[in-house]
Amino acid sequence: MEKEKRVLTGEHFIQGDIACAEGAISVGCNFFAGYPITPASEIAERMSERQPCLGGTFIQMEDEIASITAVLGASWAGAKAMTATSGPGIALMLENIGLGIMMESPCVIVNVQRGSPSTGLPTLWGQADMMQARWGTHGDYRIIALCPNSPQELYDLTIKGFNLSEKYRVPVFIMTDAVVGHMTEKVIIPKEEDIEIYPRRYTTLSPKEYLPYKPEADLVPQIIKAGDGYRIHTTGLTHDERGYPVMSAECQKKLVSRLIDKILNNLDDIIIVEEKDMDDAEVVVISYGITSRVVIPTIQKARENGIKVGSFRLITAWPFPGEKIRELSERVKGFVVPEINCGQMVREVERHSKCSDKVELVPHTGGDIHDPDTIYEAIMKVAKS
Amino acid sequence: MVENHPMEPFLRTDRIPHIWCPGCGIGTTVNAFANAIKKCGISLDKVCIVSGIGCTGRVAGYLNLDSFHTTHGRAVPFATGLKLANPELHVFVFSGDGDLFAIGGNHFIHAARRNIDIKVICVNNFIYGMTGGQLAPTTPLTAKTSTSPYGNKEQPFNLPYLAESSGAKFVARWTTYHVMQLTNAIIKALNKPGFCFIESVSPCPTVYARKNRLGTGLEIMKFFKENTRREKGVSTRDIGIDFQKEFIVGNFVDI
Ligand SMILES: Cc1ncc(C[n+]2csc(CCOP(=O)(O)OP(=O)(O)O)c2C)c(N)n1
Ligand code: SF4
């Protein structure tokens, strides 16, 4: 590794966690604050090795609360900032993820999910933090969460995550898991000039004209960085376009609606799904992350046995592609939803499906991946219904 | 002709009147801060202020600087991120004793240990003002609060001692009676690279004084005047504050 090179263009055989760190660095991440936790520590370790050689900052904070808060501070100083942890760390970060949403601070939060609740299975995997990402911090909001299923995708989606967080000024979750984070596979890092970088939406207005929370047409306000002479105020309190606290239901409505609508109005831009064998599908398996890799051979087996089954993979988990599920539910027999939890994303599928009795959950409490037979049986059950 | 107030360039005048009670020491501390910045002649564009939550937490909202009103206890890590990502900034944390030393205590000692180049100003009013007068980690023994109605039984923090032993490079304690000294201490901190801590002991006439029958803001200032002294070479270990007893003020650490 040439330590001083930002983009390590070429073919590598690396761990998912390392690919995640490299994706962040490739897109310009120059600030990382974190606290060690299995199975995410390798991301911090890689950052501690790389950032100092690139003129960036790595800091190991005293806990995850400090980590996310330092990330927000760095973001306001103009840095592209990231933190990485697992479920227990996210639990500590939640209040300040809300601050990030309210201040509209671009940043990326990686959750390498492990078995849970509590300390759970530190070295083994799970997918049980999906609803935590969506609803964990208090209040009403929308969040963006991406679900890679390979080291290559951890690289690619970390780049995508940074770009979305800049574009929509919202913290973005990368929801991976201990399998993908610790698996070693081929990762192709493109040429520097081929990497898409969405620049920070710095204002073109003068300090006199500028209002920190006045939205543009897509409902996202332009931003500044500390020290540029704009002398802005920003707060976690409900605020007006000047950023000043206003304690009223009207201001609350205006602000909270905008924070939600800036995501909801741009679903087509944010939502990525991968569809396979869907044209004639009568049964659709909806999966994400590591589970999607068990689904593919299972679908092949079912196809060989004459079952018309397709795969619908959530690359974006939040916002959820509800409209797409509604459309599908009008033409397919039903859905099979395997996930390494006792039923989280399946609730979204049920909620959007025209008949929720067509939805078959294949739960797993974590620590292992699904036995393909359990998914196969669910496919057969729906196919015969 | 009405002359502009000398502090006007420092304030978001469109946010005045502020929320603080008459006789509260927060405004006096803000005034000392603004004077210090003015005397140093540094560009206001490069000064950032970070607050947590509380009456003192509202300071960020009134200063015409890049100002960040964060969450309860988290001003110090936010300031750490700001400073590390742009070392050109002069980063001040302005918050209450509960914010900085109860919920935020761990961040304080670690920022001091790391010698992060931020300046922390704590308005110590011995109580949680904003939430209506509950026990703080600085409440003196026997003092009454709404959650220690029979008198506080817990040993309070001695803030300068805590700051020094955590590694702070400059440590001072003054009261809102000592406006000049407080201002000078802030100037010293500004000119000193590294983690600096200033405690501003302040009256909270509305909750602390009322619960302990200490009188008006003015009477508390009089108490500060008559019951504080400086002691050359004193160790921070020996300057804890007892309920309504004389206490020591000064610049204790200046490395
Ligand atoms: C996580 C969290 N817990 C509790 C609160 C409620 N709260 C707001 S301010 C405050 C205490 C403020 O006391 P202090 O820091 O001493 O500041 P003062 O109001 O006295 O200036 C508390 C407990 C909160 N905002 N957030
Ligand atoms: S409650 Fe106390 S600390 Fe808060 S503004 Fe009033 S006097 Fe000041």
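The values are calculated or read from the model by the stated rules, or taken from the named source; none is laboratory data. Computed from a predicted model, the values in this text were never measured in an experiment. As a convention, Cβ positions derive from the backbone with ideal geometry for all residues, glycine included, and neighbour counts pool all protein chains shown. Remember, those area values only see protein heavy atoms, side chains included, never the ligands or the DNA or RNA. Shrake-Rupley method; radii C 1.70, N 1.55, O 1.52, S 1.80 Å.
Check the range A:273-293 and report whether any residue there is free of Cβ contacts under 8 Å to residues at least 24 places away in the same chain and not assigned by TED's automatic domain parsing to the domain that holds residue A:148. No: zero hits. Scan the range B:78-133 for residues that are hydrophobic (A, V, I, L, M, F, W, C) and within 16 Å of ligand 2 (Cβ to nearest atom) and the total you get is 10. Looking across the range B:1-42 at every residue that is among the β-branched types (Val, Ile, Thr) and surrounded by 17 or more Cβ atoms within 10 Å (Cβ to Cβ), the one that is nearest to ligand 2 (Cβ to nearest atom) is identified as B:26.
Listed by position, the helices (runs of 4 or more DSSP H) enclosed by the range A:1-93 that each have at least 3 residues that are polar (S, T, N, Q) are A:41-54, A:64-76. For the range B:101-123, the condition of being part of a strand (DSSP E or B), under 17 Å from the mean Cα position of the chain (by Cα), within 21 Å of residue A:227 (Cα to Cα) and more than 16 Å from ligand 1 (Cβ to nearest atom) holds for at least one residue.
Residue count for the range A:68-87 satisfying the condition of being open to solvent by less than 10 Å² (accessible area, probe 1.4 Å), within 8 Å of another protein chain (Cβ to nearest Cβ) and not hydrophobic (A, V, I, L, M, F, W, C): 3.
Residue A:210 meets each of the listed conditions (1) closer than 25 Å to residue A:79 by Cα; (2) in the same structural domain as residue A:87 (by TED's automatic domain parsing) apart from (2).
Residue-wise test of (1) farther than 16 Å from residue B:27 by Cα; (2) facing another protein chain (nearest Cβ under 7 Å); (3) away from ligand 1 (no atom under 14 Å from the Cβ).
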position	(1), (2), (3)
B:49	no, no, yes
B:61	no, yes, no
B:74	yes, yes, no
B:88	yes, yes, yes
B:96	no, no, no
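Is it true that residue A:354 is of a type in the set (D, E, K, R) and either outside the structural domain of residue A:293 (by TED's automatic domain parsing) or closer than 21 Å to residue A:297 by Cβ (or both)? Taking the combined requirement at face value, the residue does not satisfy it. Exactly one residue among A:65, A:43, A:18 is surrounded by 20 or more Cβ atoms within 10 Å (Cβ to Cβ), assigned by TED's automatic domain parsing to the domain that holds residue A:190 and touching a Cys at 6+ places or on another chain (Cβ under 8 Å), and that residue is A:43.
For the structure I just gave you, tell me whether residue B:175 is away from chain A (no Cβ under 14 Å) and more than 12 Å from ligand 1 (Cβ to nearest atom). Spelling it out, residue B:175 is indeed away from chain A (no Cβ under 14 Å) and more than 12 Å from ligand 1 (Cβ to nearest atom). Here residue B:146 meets the list (1) open to solvent by 10 Å² or more (accessible area, probe 1.4 Å); (2) away from ligand 1 (no atom under 14 Å from the Cβ); (3) hydroxyl-bearing (Ser, Thr, Tyr) almost entirely, failing just condition (2).
Please indicate, with yes or no, whether at least one residue in the range B:193-214 is more than 16 Å from ligand 1 (Cβ to nearest atom), among the small types (Gly, Ala, Ser) and open to solvent by 40 Å² or more (accessible area, probe 1.4 Å). The answer is no; no qualifying residue exists. Meeting the requirement of 3 or more residues that are farther than 24 Å from residue A:168 by Cβ and in contact with a helix residue (DSSP H, G or I) (Cβ under 6 Å, 6 or more places away or on another chain), the helices (runs of 4 or more DSSP H) wholly within the range A:313-385 are A:372-384. Tallying residues that are surrounded by 13 or more Cβ atoms within 10 Å (Cβ to Cβ) and small (Gly, Ala, Ser) within the range B:215-255 yields 4.
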